[in-house]
Amino acid sequence: MNDILERIACCIEFGKINKLSPYPPNMKGEDGADELTKQALDAGVAPDQILNKAMVVGMDRVGQKFSKNKIFVPQMLMSAKAMSMAMQHIKPFFQSGAVKRKGTFVLGTVAGDLHDIGKNLVGMMVEGAGWEVIDLGVDVNADKFIKSVNEHPGCTVGLSALLTTTMVNMESIVLEIRKVAVDTKILVGGAPVSDDFCHKIGADNYSADPQGAVKYLNSLLA
Ligand code: B1M
């Protein structure tokens, strides 16, 4: 069993989506995250084992390499695709309650801002780390965040911004969320955002990259 879990972790780490995928070249023709996850389920491996001992492990390696500049956005996107492929097989078990998630993360790019590549990477990494991710998309205003916070009591919120002109919208969104759910933890990120800015607007945490977001979320469980 450990062998197939390690092979799934490697597919995610190196971005091997399925057998037909030509990437990475040294794994050409081999089964990918798609086939191996299905084989593991067919062989009776529990879906939470696949999530925690393969997918989380693979995504963790990806996050660590990205933080150390050992891989870059294109490789990370391939890993995210492999992770999504494996996730498709696991998702029905979340819905049936057979696999428990760590919590819910409501994520969006703030009002006025259409950049979503970084936000999507954060969403993928957090999902790969075992959290349910509610992705509200781009150009998300306070009302939309609040609606989702009300629908997911106890959730953590993630705000992304890529423009100096839109990061300022984070402040009013944080204020509005606090009005309806004072204890909601709010994480902010995006290229122009900083630790200082995070504290200035009353958010709880700033992270520079997806790995930092995962670390922060997991720290909330301790
Ligand atoms: Co735009 N854009 N853009 N753009 N764009 C930037 C951001 C810019 C720096 C380019 C430049 O001038 N050098 C500049 C912003 C200047 C500023 O405000 N300081 C800029 C501008 C000005 C604009 C427009 C205004 C241009 C125009 O129309 N005149 C316009 C605005 C549109 C709008 O949003 N209303 C615009 C439009 C666009 C496109 C639509 C063409 C496209 C976006 C496509 C898309 O996202 N689907 C685009 C792109 C691609 C870029 C650049 C080139 C790349 C951004 C990106 O995806 N980076 C960017 C220049 C650059 O960064 N080199 C630029 C890769 C991504 C993985 O990194 O998003 O930083 P990033 O995410 C990182 C971290 O920040 C972090 O994790 C990610 C992985 O490490 N992170 C979080 C992100 N969110 C997080 C949330 C977290 C935690 C971590 O917790 C919740």
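Quick one: helix 73-96 against the long Cα principal axis of the chain, what's the angle to the nearest 10°, folded into 0 to 90? It works out to around 80 degrees. The radius of gyration of the Cα set in the range 137-222, together with its Dmax, comes out at 12.1, 36 angstrom. Taking a straight Cα-Cα cut-off under 19 Å and skipping sequence neighbours fewer than 8 places away in the same chain, the lysines within cross-link reach of Lys19 are Lys28, Lys38, Lys81. Each of the peptides 26-39, 190-203 was scored by the mean count of other Cβ atoms within 10 Å over its residues; in descending order, highest first, they stand as 26-39, 190-203.
In straight-distance terms, cross-link reach from Lys147 covers every one of the lysines whose alpha-carbon lies under 22 Å from its own, apart from those fewer than eight places away in the same chain; here that gives Lys102, Lys119, Lys179, Lys185. Relative to the longest principal axis of the Cα atoms of the chain, the long axis of helix 169-180 makes an angle of roughly 90 degrees.
For the pair Asn218 and Ser96, a Förster radius of 22 Å applied to the C-beta separation gives a FRET efficiency near 0.35, rounded to the nearest 0.05. The shape of the chain can be summarised by an equivalent ellipsoid whose semi-axes, obtained from the alpha carbon gyration tensor, come to 32, 19, 14 Å from longest to shortest. Computed from point charges on the beta carbon alone (+1 for Lys and Arg, -1 for Asp and Glu), the dipole magnitude for the chain about its Cα centre is near 280 Debye.
Any idea what angle helix 56-67 forms with the longest principal axis of the chain, computed on alpha-carbon atoms, 0 to 90 degrees, nearest 10? With both axes taken from Cα atoms, the answer is about 60 degrees. Between Phe72 and Ala191, residue separation times 0.36 nm minus the direct Cα-Cα distance comes to 41.3 nm. Charges were assigned to the Cβ only: +1 to each Lys and Arg, -1 to each Asp and Glu. The resulting dipole of the range 38-162 about its Cα centre is roughly 500 debye. A Förster distance of 30 Å, applied to the separation of the beta-carbon atoms of Asp204 and Gln64, puts the FRET efficiency at 0.80.
For the range 1-63, the square roots a ≥ b ≥ c of the C-alpha gyration tensor eigenvalues yield an a/c of 1.5 or more together with a/b not exceeding b/c, which makes the shape oblate.
Bear in mind that the values in this text are calculations on the coordinates, not laboratory data. What you are looking at is a predicted structure, and each value in this text was computed from that prediction instead of being measured. In this analysis, Cβ positions are derived from the backbone assuming ideal geometry, glycine residues included, and neighbour counts consider all displayed protein chains.
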